[in-house]
1. Looking only at segment 29-42, count every residue that is closer than 18 Å to TYR75 by Cβ and either away from the ligand (no atom under 12 Å from the Cβ) or touching a Pro at 6+ places or on another chain (Cβ under 9 Å) (or both) and tell me the total.
2. Suppose we filter GLY20, GLY24, GLY61 for residues that are more than 17 Å from the chain's Cα centre (by Cα) and modelled with pLDDT of 95 or more; which single one remains?
3. Give me the residue from segment 153-164 that is more than 7 Å from the ligand (Cβ to nearest atom) and touching a Lys or Arg at 6+ places or on another chain (Cβ under 9 Å) and, out of that set, farthest from HIS64 (Cα to Cα).
4. Looking for whichever is farther than 23 Å from VAL148 by Cβ, in contact (Cβ under 8 Å) with a residue 24 or more places away in the chain and surrounded by fewer than 17 Cβ atoms within 10 Å (Cβ to Cβ) here; the options are GLU102, GLU95, GLU82. Which one fits?
5. Taking into account only those residues within segment 138-159 that are modelled with pLDDT of 95 or more and touching a Gly at 6+ places or on another chain (Cβ under 7 Å), which is surrounded by the fewest Cβ atoms within 10 Å (Cβ to Cβ)?
6. If I filter segment 103-111 for residues that are within 20 Å of VAL32 (Cα to Cα) and β-branched (Val, Ile, Thr), do I get at least one hit?
7. Only one of these conditions is not met by PRO54: (1) in contact (Cβ under 8 Å) with a residue 12 or more places away in the chain; (2) within 9 Å of the ligand (Cβ to nearest atom). Which number is it?
8. Cβ-Cβ distance below 6 Å, separation of 6 or more or different chains: which pairs start in segment 143-163 with a residue that is under 19 Å from THR46 (Cα atoms) and end on one that is more than 9 Å from the ligand (Cβ to nearest atom) and in a helix (DSSP H, G or I)?
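The values are calculated or read from the model by the stated rules, or taken from the named source; none is laboratory data. On a predicted model such as this, the values are computed, not experimentally measured, just so you know. Ideal geometry is used to build each Cβ from the backbone, glycine not excepted, and the neighbour counts take in all protein chains shown.
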Amino acid sequence: MKKNIIVILAIITGFLVSTGFTPGRFSADAGVPYPEGYRMWTHVKTGLIGPSSPSFQVSGGYHHIYANAKAMQGYTSGYFPEGSVLVFDVIEAKEQNGNTLEGERRHSDVMVKDSLQYAGTGGWGYEEFGGDSHTERILTATVRTQCVACHAKKDDKVFSEFRK
Ligand code: HEC
C-alpha cells in the first residue's frame, strides 16, 4: 500500500515537472519580468507631461509607449492576447539652447497580460523599474492599487492608441 502511494506521488511529481509547474507560478504577486529588449519593439506613441499636470511629480517629462508583437495585435483588435507586454518609458525633459531634449530615464512602467497569474489585478501584472535598472522594483503595494484602479476604466485596461 505504502509503495503504491510512493509510486503515485512520483508519477504526479514527474508530471508537474514535465509541464514546467513551479509552486510560485500561480501566486498572485508573481513578479512581472523586466521587458528585455523593449527598445527594439514597436513604438506606439510619445507624450510630454508638463509642470501643470498632476502627474508631473512622478512622471514629468517624455513618455514613450512600446508594445511587443502580441500587444500590437491588441491595438488592432481591441483585445490584448496573453503574453502582451506594454512599456511606459519615462525620460526627463531638459532645456538646452532653446531646445527640449531627452535626459535621464526616470522609470519604466510595465504591464504584462497573464489572466491566470494576475487574476487579482484584472488579468494584467503591473510593475515599475527605477531609472535604467532591470532589477530595482520601485512599485509599492499601495501604488499598484492606483495603477490597477485607473487602468480599470479602459476596455482591456489599455489607454493608449497606436499613432499612425
Ligand atoms: C490616474 C490614471 C493612471 C494611473 C494611476 C496609472 N496610469 Fe498608466 N496610463 C494612464 C494613461 C492615461 C495612459 C496613456 C498615456 C498616453 O496615451 O500617452 C497610461 C499608459 C500606461 C501604459 C501603456 C499602456 C496603456 O495603457 O496605454 C503602461 C504600461 C502604464 N500606463 C503602466 C502604469 C503603471 C505600472 C502604473 C502604476 C505605477 C500606472 N500606469 C498608473 C493612466 C494611469
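1. Within segment 29-42, residues that are closer than 18 Å to TYR75 by Cβ and either away from the ligand (no atom under 12 Å from the Cβ) or touching a Pro at 6+ places or on another chain (Cβ under 9 Å) (or both) number 3.
2. Result: GLY61 is the single residue among GLY20, GLY24, GLY61 that is more than 17 Å from the chain's Cα centre (by Cα) and modelled with pLDDT of 95 or more.
3. ASP156
4. On the way: GLU95 fails: in contact (Cβ under 8 Å) with a residue 24 or more places away in the chain; GLU82 fails: farther than 23 Å from VAL148 by Cβ.
Being farther than 23 Å from VAL148 by Cβ, in contact (Cβ under 8 Å) with a residue 24 or more places away in the chain and surrounded by fewer than 17 Cβ atoms within 10 Å (Cβ to Cβ) holds for just one of GLU102, GLU95, GLU82, which is GLU102.
5. ALA152
6. Yes, that holds for at least one residue.
7. (1)
8. PHE162/TYR75
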